Every structure is written in structure tokens, then in C-alpha cells.
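A.B. asks: Before we start, here is the structure in question, set down as C-alpha cells.
The values are calculated or read from the model by the stated rules, or taken from the named source; none is laboratory data. Here the structure is a predicted model, which means the values were calculated and not measured. Here Cβ is always computed from backbone atoms with ideal geometry, including for glycine, and neighbour counts include all displayed protein chains. Just the protein is used for accessible areas: all its heavy atoms, side chains included, with ligands, DNA and RNA removed. Shrake-Rupley method; radii C 1.70, N 1.55, O 1.52, S 1.80 Å.
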Amino acid sequence: MAKKNPDERKKRHISTLVTQIGRKPEDQFGFINPPTYRGSTVLFPDVATLESLNQPYTYGTKGTPTVRSLEEAWSILAGAEDSVTVPSGLAAICLAVMTATQAGDHILITDSVYQPTRNFCDNILAKFGVLIEYYDPHLSDQIFHLFRQQTTAIIVESPGSQSMEIQDVPAISKAAHEKGICVILDNTWATPIFFPPHDRGADLVIEAGTKYLSGHSDLLIGLVSANKKWAKRLRTTFNAFAIGAGPDECSLALRGLRTMALRLNAQQKSALEIADWLSKQEQVESVLHPALVSHPDHNLWKRDFLGSSGVFSIILNERYRKYIAEFLDKLELFGIGFSWGGYESLVLPFDCKAYRTATRWDPPGPCLRFSIGLEDVNDLKEDLTIGLMRLS
Ligand SMILES: *Cc1c(COP(=O)(O)O)cnc(C)c1O
């Protein structure tokens with residue numbers, strides 16, 4: 001299986017690592033990249049091999065060399081014992097949750113979680129007898145007050161989707177592990193490049209590879225990585241569902257991986273510059289970017305993260321609410337659409353108020369989420385300057 005020494009991550013700088021991992025030219029006639037193997041049936045040389053299943057590949061649902069290249073690369077990058085690939089980030093969340101829960105369990109989910117995670121847990125997982133409780137993302141070690149006899153998993157997501165709260169992952173993990181509770185982290189925003197998830201205490205980690213791993217808005221893929229304690233259970237659950245990502249998707253993801261550190265660094269820089277600039281505009285009430293000192297969780301971000309990505313949110317002054325469409329519709333460089341992490345900049349109005357249950361989300365004005373792409377930062381600022389003028 002896709003097992004690698006987790007310490008491999010520490011040997012070289014991450015920018016070098018992403019160019020090296022998950023490929024073996026010596027096994028590929030010298031070609032740099034792993035070929036795309038498409039296949040269902042794998043032939044066995046004889047009955048004895050068939051009966052012992054003693055060969056590296058046995059059937060398409062269990063992976064091909066292309067799939068395994070990505071799994072191996074991801075395990076190294078995440079500092080994990082093993083990783084699996086699935087057809088979307090949401091499928092990765094479902095698989096991780098199914099790995100860690102069974103009927104009768106109680107699970108804790110951060111109120112700042114990606115909304116479709118909430119939908120899966122409330123409407124599907126609950127049907128199988130799992131009790132779901134949401135918690136305040138700012139609870140750290142005090143989360144133990146919510147633990148019950150049947151608590152088996154905690155879902156954390158840092159920063160929170162859209163609302164951008166940073167969670168104390170090490171403290172939550174420490175409290176959870178004292179009771180043998182599994183910590184499931186959605187690490188999509190930071191990626192392992194800016195937040196080494198297993199080192200910080202998470203057991204099962206989700207990445208929507210659709211975002212920064214792909215980087216080109218042309219791919220849906222998800223990954224789940226596991227530490228030593230959870231690797232076997234993850235693989236067993238994955239095999240039971242047989243929901244692997246296809247070989248073409250894995251090939252595209254491996255291609256995205258090679259430029260991922262470069263793109264993230266560029267997007268981090270532009271996003272910080274734009275976030276800082278936006279915070280000085282009179283139409284903007286506040287900017288929710290954890291790398292800005294004005295963010296309420298900035299110190300926690302600084303302690304645990306190695307960088308920040310290209311996604312952040314802003315709150316506009318309430319008096320501009322009725323002109324939001326006027327602002328966004330005519331932007332020339334920012335597209336309006338779901339997802340993020342591609343080379344192109346996006347903006348999306350949002351309101352978490354409707355679905356929060358454990359905490360109140362009551363911002364002083366309308367909210368927008370930005371995903372900063374690879375365009376020239378001054379061109380982006382100019383587009384926004386003209387847009388903000390339409391507001392006032
Ligand atoms: C987009 C996203 C997902 C889901 O990824 P898909 O590939 O679109 O299903 C999961 N978690 C977070 C935080 C996301 O932003």
C-alpha cells in the first residue's frame with residue numbers, strides 16, 4: 001500500500017519535495033511522469049498467485065500505479081501513514097466520517113464547518129443512528145466538557161468555511177486523544193504545505209484536491225490521509241466502498257502537485273496585499289484574514305500555520321447591501337462561482353446565519369468571500385477599486 005516514512009517530509013524544503021514525490025522515472029523507461037493506467041481487470045500469471053493475491057495490483061477498484069503514485073506523494077506531503085483518493089472533497093469527508101463512526105456514537109462538529117459536511121451528517125449519518133452535536137469553533141481544550149461516553153469523533157476545520165475562525169487543533173486533539181476520540185480535520189484551506197495536519201494532532205485529514213492541488217478549476221478530487229492509528233481502518237472502509245478517483249483525475253492532480261507550492265506562495269502574497277488594502281477602504285467594515293493582525297485568532301494562526309492561502313472574507317458596511325450585485329456583476333477579473341483555489345480570482349456573497357446552530361453569526365453587514373488567483377495584483381486592485389466606486 002501507499003506507505004512511506006512520514007519523516008521524508010522533513011528531509012527537504014517543501015518546494016523541492018513537491019517536484020520529487022510520487023514518481024519513479026527508473027520504473028517508467030526514464031519518462032519523468034507516471035503513465036496514466038486505465039484498467040479494471042488485472043491478470044494473474046497462475047492460479048497460485050490468484051489465490052494468494054500476492055502481486056502489487058489485483059483489481060482496478062484497489063488502485064493502479066497512477067493512483068498509487070498520488071497516494072504515496074500525498075502521504076509524504078501530509079506526513080501520513082497512508083492516503084486514499086476519492087472523486088471529490090465531499091466524498092473524502094463522507095469516507096473519513098464513515099471510517100470513524102458507527103451506530104450509537106456521538107460526534108462533535110465545529111459550527112464553522114463546510115456546509116455540505118453538515119448536510120451529510122444531519123441527513124445521512126443521522127439515519128444510521130449517529131448523534132450529531134455542533135460546537136463553538138473557539139472551544140479549545142475546554143471541548144472536553146462536551147464529551148460523552150459515546151463520543152468517538154470530532155470534526156475540525158481551520159479556518160472555518162467562509163467565516164474564517166482558526167481552531168486550536170493541538171489542544172482539541174490532546175483532549176480528544178485522552179479519551180481515544182478520533183480527530184477529523186478538513187485541511188483544504190491551508191493544505192499540508194501551510195499546516196502539517198498530522199503533526200498538529202489530527203488522525204484523519206481531508207483535502208478537497210479540487211482546490212489548490214488541482215489549481216486549474218478543471219478537476220474534482222478528494223484525499224483522505226491517516227496517521228498510524230487510523231491507516232488500516234481508513235483503507236478497509238475505502239475498499240468496502242470502492243470509490244477511488246479515476247486514473248485521469250489522479251494524473252491531473254499529480255500535475256497540479258508540481259506547481260502547488262509555487263502557486264500557493266504567489267496566491268498567499270497577492271491575497272495578503274489585497275486583504276490589507278481592502279481593510280483600508282471606507283466601504284469595508286472588516287477583513288477576515290487570519291494572517292492579518294486584526295484577525296481575532298491571529299496569534300493562534302501564527303503559532304500553528306506556516307503560511308496562508310489565497311482565500312479570505314470581508315464584511316462590507318451595511319449601507320451597501322442593496323448594491324452588492326452592482327459591485328460584483330461588473331467586475332472584469334473576478335468570476336462569481338463556487339469552489340476556489342484555481343488560477344483565476346473569484347468572489348462569492350455568503351451568509352452563514354441560516355445554518356449555524358451552536359453559535360450566532362451576526363456580522364454588521366453583507367459578507368463576501370474572495371479567492372485570489374494568479375493575475376497581476378495591481379490589475380486585481382484596479383478592478384476592485386472601480387467596483388467599490390460603484391457601491392458608493
Ligand atoms: C470545496 C470544499 C470541500 C469539497 O470539495 P469538493 O471537491 O468541491 O467536493 C470540502 N471542504 C472544504 C473546506 C471546501 O472548501
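A.B. asks: Does Ala231 meet the test of being of a type in the set (A, V, I, L, M), assigned by TED's automatic domain parsing to the domain that holds Thr152, more than 14 Å from the ligand (Cβ to nearest atom) and touching a residue at least 60 places away in the same chain (Cβ under 8 Å)?
C.D. replies: yes
Quick grid of which residues meet (1) assigned by TED's automatic domain parsing to the domain that holds His138; (2) under 19 Å from Leu288 (Cα atoms); (3) modelled with pLDDT of 95 or more:
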| site | (1), (2), (3) |
| --- | --- |
| Glu318 | no, yes, yes |
| Ile324 | no, yes, yes |
| Asp329 | no, no, yes |
| Cys352 | no, yes, no |
| Tyr355 | no, no, no |
| Ala358 | no, no, yes |
| Glu375 | no, no, yes |
| Glu382 | no, no, yes |
| Gly387 | no, no, yes |
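A.B. asks: While we're here: Please go through the range 345-392 and pick out each residue that is in contact (Cβ under 8 Å) with a residue 40 or more places away in the chain, assigned to a helix (DSSP H, G or I) and among the acidic types (Asp, Glu).
C.D. replies: Asp379, Asp383
A.B. asks: Residues that are closer than 30 Å to Lys62 by Cβ: which helices (runs of 4 or more DSSP H) entirely in the range 235-329 hold 3 or more of them?
C.D. replies: Filter on the range 235-329 gives 247-278.
A.B. asks: Determine whether Ser308 is within 23 Å of the chain's Cα centre (by Cα) and open to solvent by less than 50 Å² (accessible area, probe 1.4 Å). First the steps, then the outcome.
C.D. replies: Details: within 23 Å of the chain's Cα centre (by Cα): yes; open to solvent by less than 50 Å² (accessible area, probe 1.4 Å): yes.
Taking the combined requirement at face value, the residue satisfies it.
A.B. asks: Criterion first (farther than 21 Å from Tyr212 by Cα, open to solvent by less than 20 Å² (accessible area, probe 1.4 Å) and not acidic (Asp, Glu)) does Thr58 satisfy it? Spell out how you get there, then give the answer.
C.D. replies: Details: farther than 21 Å from Tyr212 by Cα: yes; open to solvent by less than 20 Å² (accessible area, probe 1.4 Å): no; not acidic (Asp, Glu): yes.
When the stated conditions are applied, Thr58 does not pass them.
A.B. asks: Need pairs with beta-carbon distance below 6 Å; first residue in the same structural domain as His13 (by TED's automatic domain parsing) and within the range 188-201, second modelled with pLDDT under 95 and open to solvent by 10 Å² or more (accessible area, probe 1.4 Å); sequence gap 6+ or separate chains.
C.D. replies: Ile193/Ile14
A.B. asks: Could you tell me which of the residues Ile132, Ile166 is more than 16 Å from the ligand (Cβ to nearest atom) and out of contact with any Lys or Arg (no Cβ under 8 Å at 6 or more places or on another chain)?
C.D. replies: On the way: Ile166 fails: more than 16 Å from the ligand (Cβ to nearest atom).
Among Ile132, Ile166, only Ile132 is more than 16 Å from the ligand (Cβ to nearest atom) and out of contact with any Lys or Arg (no Cβ under 8 Å at 6 or more places or on another chain).
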